[in-house]
1. Counting other Cβ atoms within 10 Å of each Cβ, which chymotrypsin sites (Phe, Trp or Tyr not before Pro) in the range 66-127 have at most 11 and sit in a DSSP loop?
2. Sort the range 34-131 into rounded, prolate or oblate with this rule: let a ≥ b ≥ c be the square roots of the eigenvalues of the Cα gyration tensor; rounded if a/c is under 1.5, and if a/c is not under 1.5, prolate when a/b is larger than b/c, oblate otherwise.
3. Could you please report the charge total around Y19, scoring K, R as +1 and D, E as -1 over all other residues with beta-carbon less than 13 angstrom from its beta-carbon?
4. As a footprinting exposure proxy, order S49, S64, S14 by other Cβ within 10 Å, with the fewest listed first.
5. Within the set of other residues whose C-beta is less than 9 Å from the C-beta of E125, count the net charge using Lys and Arg as +1 and Asp and Glu as -1.
6. What pairs from K34/K75; K43/K119; K23/K75; K22/K115; K34/K100; K32/K105 go past 26 Å between their alpha carbons?
7. Mind pulling the angle between the C-alpha long axis of helix 2-50 and the longest principal axis of the chain? Nearest 10 degrees, somewhere in 0 to 90.
8. Can you tell me the 0 to 90 degree angle between the C-alpha axis of helix 74-87 and the longest principal axis of the chain, rounded to 10?
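Any read-out appearing in this document is the output of simple, stated calculations on the displayed coordinates, not a laboratory observation. The model shown is predicted, which means the values in this text are computed figures rather than measured ones. Cβ: placed from backbone, ideal geometry, glycine included. Neighbour counts: every protein chain shown.
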Amino acid sequence: MIPIIIAVIGLFGSLLTYYFTKKLELEAEQRKLKQEYYKSFLKALSDVSIDNFDDDAQRRLSESFNSLIVIAAPKVVHRLMNFHNFVRSDQNDGLERNSKGWSQKHDEMLRTLIKEIRKDIYGQEKAVDELLSNVHLVGRKPKSKK
């Protein structure tokens, strides 16, 4: 009887170990997938912010934006939609596009979105509000083709 109990305990321990290992592997794969989608989105957003008249960049942004609606956490989708609605010229809180107020609100909403993306990938981070208080996109227009 004791050998059977020991075997059952061993089997149960092995099953638990397998379950938790598999769970951690799946979470790591999901995090990696989200990182790729978020990276593609930020790259596309950066490309559009550098050259808003680039049709290919606009297409990539639309595709990555729409993909995030399925992949991202609900809070990220909420922030993403708020950001999108603000950038659309008909829903920008009455601010004139490209004014100082519009740029400040744009950057504030972008920072909020990026913080939410980071929470989705890494969980709650210490001092994220303080350390990411001045995040913005960077880049420059490509040189003209001759």
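1. Counting only loop positions with at most 11 other Cβ atoms within 10 Å, none of the chymotrypsin sites (Phe, Trp or Tyr not before Pro) in the range 66-127 qualifies.
2. It is oblate, given that a/c is not under 1.5 and a/b is not larger than b/c.
3. 0
4. Listed from fewest to most nearby Cβ atoms, that is S14, S49, S64.
5. +4
6. Those over the limit are K22/K115; K34/K100; K32/K105.
7. Roughly 10 degrees between the two axes.
8. 10
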